[in-house]
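Asker: My questions all concern the structure below.
The values are calculated or read from the model by the stated rules, or taken from the named source; none is laboratory data. Predicted model only: the values in this text are computed from it and were never measured. When we count neighbours, we look across all protein chains shown, and the Cβ atoms used for this are built from the backbone with ideal geometry, even at glycine. The protein model used for the area step is the full one, side chains on, heavy atoms only, and it has no ligands, DNA or RNA in it. Shrake-Rupley method; radii C 1.70, N 1.55, O 1.52, S 1.80 Å.
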Amino acid sequence: MATSIALSLDNLPSDPLLLVLSFLDFRDLISCNFVSRRLNELTGHNPLWKRLCQKHWLLTEADKTQRGLAWKELFREYYADLGRYIDYYSTLKKAWDDLKDYLNQKCPRMIASLKEGVREEELDTIEAQIGCKLPNDYRCSYRIHNGQKLVVPGLMGSMALSNHYRSEDLLDIETAAGGFQQRKGMRQCLPLTFCFHTGLSQYMALESTEGRTCSEIFYQCPIRSTLLSPLFFLSGPNFTEWFTSYVDNVVTGEYPIIRDQIFRYVHDKRCVATTGDITVSVSTSFLPELSSVHPPHFFFTYRIRIEMAKSALPENACQLDSRYWKITNANGNVEEVRGPGVVGEFPVMTPGKVHEYASCTTFSTTSEYMEGHYTFHRLKNKEEVFDVAIPRFHMVCPAFRESMVRSSSVTEVSAPYDDNSSDTDDYEEGEMHGMNMADPGGRCPRHV
């Protein structure tokens, strides 16, 4: 008669047990440490902690060799210092590493403006100074890098259009604390970025108050009446998503680097049209500092790239004569615009030639789209005229929200705007009709 054998952990071979343990997170692995002597021995297996060190702290064999510690001890050391950020650290550290690797190739001078990370005690001191808790993902990022030096151009993107220029620096923690807001309509808001030229900042709400949700990030909308509540354009639900999405746009080339600056143009890959040898693509950007909700005036800039294929025949060289725009707003109203050239230029296109220019448009609804064509003539035969399609591209105002309080301390600013949408390809350098600079109400006190 066969005898039955009682199964226990002691009877099982190590390999299948180690395989099971490899699927556990560090908290469960530590719990298994107290179950039995056998599991206590197995949970100290170095490859288990190597995986966790790579997953949570992005550590490599070189890091281990440099520190001279076993993987488990290395995990323990990092956890003692950064344990409260374990849910954010790998995501934010990878974003910072990807950004630095990319900028080191494309724009190395921007790397030099980054500051070393701060200590935990410094973040605690800032919290005591402002009387608010900082979100853990924000704290985690500042343990890696304490923002940047106040330089131009800034790390968080630029925008240049005729006589308007914006470039946002990522503020270090001390400067951000100096600009912490307690005024009505902006209570418990910490600036994340700052632009010297416009006074523009992106803010993060540290508490859910006045209609804002804790941790969300926004631009304050210029206020043009004392009778209206403050409004804000949302730019991110929390620091992690705000920062990582920005980095993703940079390192994938979505935001182009032009003259050593990151330009925050958004390019929809569908916004490309090819006619014969010529391809036209469009990218757009919303300018919150030149926009308002009351009265409705939404300001967009768009950048157009016109390229003739390298394989085009030399006799196909041509020159742009005029443009045609069909502009449709959210109400279905259509406006048609015709004019000579583009921004005062009549570019000549030859095989491999690229011509880029930026222009702008304003509209009174929260979205619109534009499409149209350019008219060219052949250089060898001026009688040969043809149209090149401009793809349809949409411009949508970011979500905005009204504060739950009325503002009583803001000076009213006149808004001499034309509510009609218009193509402004005609503007001359140094002149922008219908533009009004944003009221720079959120300047950082240390750097006015």
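Asker: Taking the Cα atoms of segment 1-133, report the difference between the largest and smallest coordinate on each principal axis, in whole Å and largest first.
Answerer: Computed over segment 1-133, the largest-to-smallest principal extents equal 81, 41, 24 Å.
Asker: Hey, got the Cα dimensions of segment 53-119 along the principal axes, in Å, largest first?
Answerer: Result, largest extent first: 38, 25, 20 Å.
Asker: In degrees between 0 and 90, to the nearest 10, how far off the longest principal axis of the chain does helix 239-251 point, with axes built from Cα atoms?
Answerer: 60
Asker: Tell me the mean residue ellipticity at 222 nm calculated for the chain from its helices only (DSSP H runs of n ≥ 4, each -39500 (n - 2.57), averaged over every residue, nearest 500).
Answerer: -7000 deg cm²/dmol
Asker: Let me ask something additional. How far is helix 89-106 tilted off the main Cα axis of the chain, in degrees rounded to 10, range 0 to 90?
Answerer: Result, in degrees: 50.
Asker: Let me ask something else about it. Taking the chain as a Gaussian network, where each spring joins two C-alpha atoms under 10 Å apart, which residue of 22, 162, 36 fluctuates the most?
Answerer: Residue with maximal mean-square fluctuation among 22, 162, 36: 36.
Asker: In segment 295-395, how does Rg compare with the Kirkwood Rh, expressed as the Rg/Rh ratio over alpha carbon atoms?
Answerer: That ratio is 1.04, to two decimals.
Asker: For the pairs 50/94; 72/94; 269/382; 55/100; 64/93; 50/115, flag any whose C-alpha to C-alpha distance is greater than 24 Å.
Answerer: Table pairs above 24 Å Cα-Cα are 269/382; 50/115.
Asker: Something else: Cα extents of segment 27-87 along the three principal axes, largest first, in whole Å?
Answerer: That works out to 32, 25, 16 Å along the principal axes.
Asker: For the chain, what's the relative contact order in percent, using C-alpha pairs closer than 8 Å and at least 6 residues apart?
Answerer: 13 percent.
Asker: When the solvent-accessible surface of protein heavy atoms is calculated with a 1.4 angstrom probe, in what order do 72, 149 fall, highest first?
Answerer: Descending accessible area places them as 149, 72.
Asker: Tell me the carbon and sulfur percent of the accessible area for the chain, rounded to whole percent, probe radius 1.4 Å.
Answerer: Summing carbon and sulfur atoms, their accessible area is 50 percent of the total for the chain.
Asker: Treating only the Cα positions of segment 156-222 as identical point scatterers, give the base-10 log of I(q)/I(0) from the Debye formula at each q in 0.14 Å⁻¹.
Answerer: -0.43
Asker: Which FRET efficiency value, to the nearest 0.05, do you get for residue 384 and residue 330 by plugging their Cβ-Cβ distance into 1/(1 + (r/R0)^6) with R0 = 41 Å?
Answerer: Using R0 = 41 Å, I get an efficiency of 0.55.
Asker: Go through [x] 56, 29, 27; [y] 54, 32, 23; [z] 51, 31, 20 and flag the label whose value is the computed semi-axes √(5λ) of the Cα gyration tensor in Å for this structure.
Answerer: Among [x] 56, 29, 27; [y] 54, 32, 23; [z] 51, 31, 20, the one calculated here is [z].
Asker: If you don't mind, there's one more thing I want to ask. In whole Å, how far is the Cα centre of segment 65-87 from that of segment 131-210?
Answerer: Between the Cα centres of segment 65-87 and segment 131-210 lies a distance of 31 Å.
Asker: Starting from the Cα of residue 70, step 7 Å along the direction of its Cβ; do the same at residue 104; then give the gap between the two resulting points in nm.
Answerer: About 3.3 nm, to one decimal.
Asker: With all distinct Cα pairs included, what does the Kirkwood hydrodynamic radius of segment 273-333 come out to in Å, to one decimal, could you say?
Answerer: For segment 273-333, the Kirkwood estimate is 14.9 Å.
Asker: By its C-alpha gyration tensor, with a ≥ b ≥ c as the square roots of the eigenvalues, how is segment 231-332 shaped: rounded for a/c under 1.5, else prolate for a/b larger than b/c, else oblate?
Answerer: oblate
Asker: Something else now. Give me the percent relative contact order of segment 304-408, please, defined on Cα pairs under 8 angstrom at least 6 residues apart.
Answerer: 31
Asker: Still on this structure, I have one more. Gaussian network model of the chain, Cα springs within a sub-10 Å range: biggest mean-square fluctuation belongs to which of 372, 276, 339?
Answerer: In this elastic network of the chain, the residue with the biggest mean-square fluctuation among 372, 276, 339 is 276.
Asker: A follow-up question, please. Can you give me the angle between helix 46-57 and the longest principal axis of the chain, using Cα atoms only, in degrees from 0 to 90, rounded to the nearest 10?
Answerer: 30
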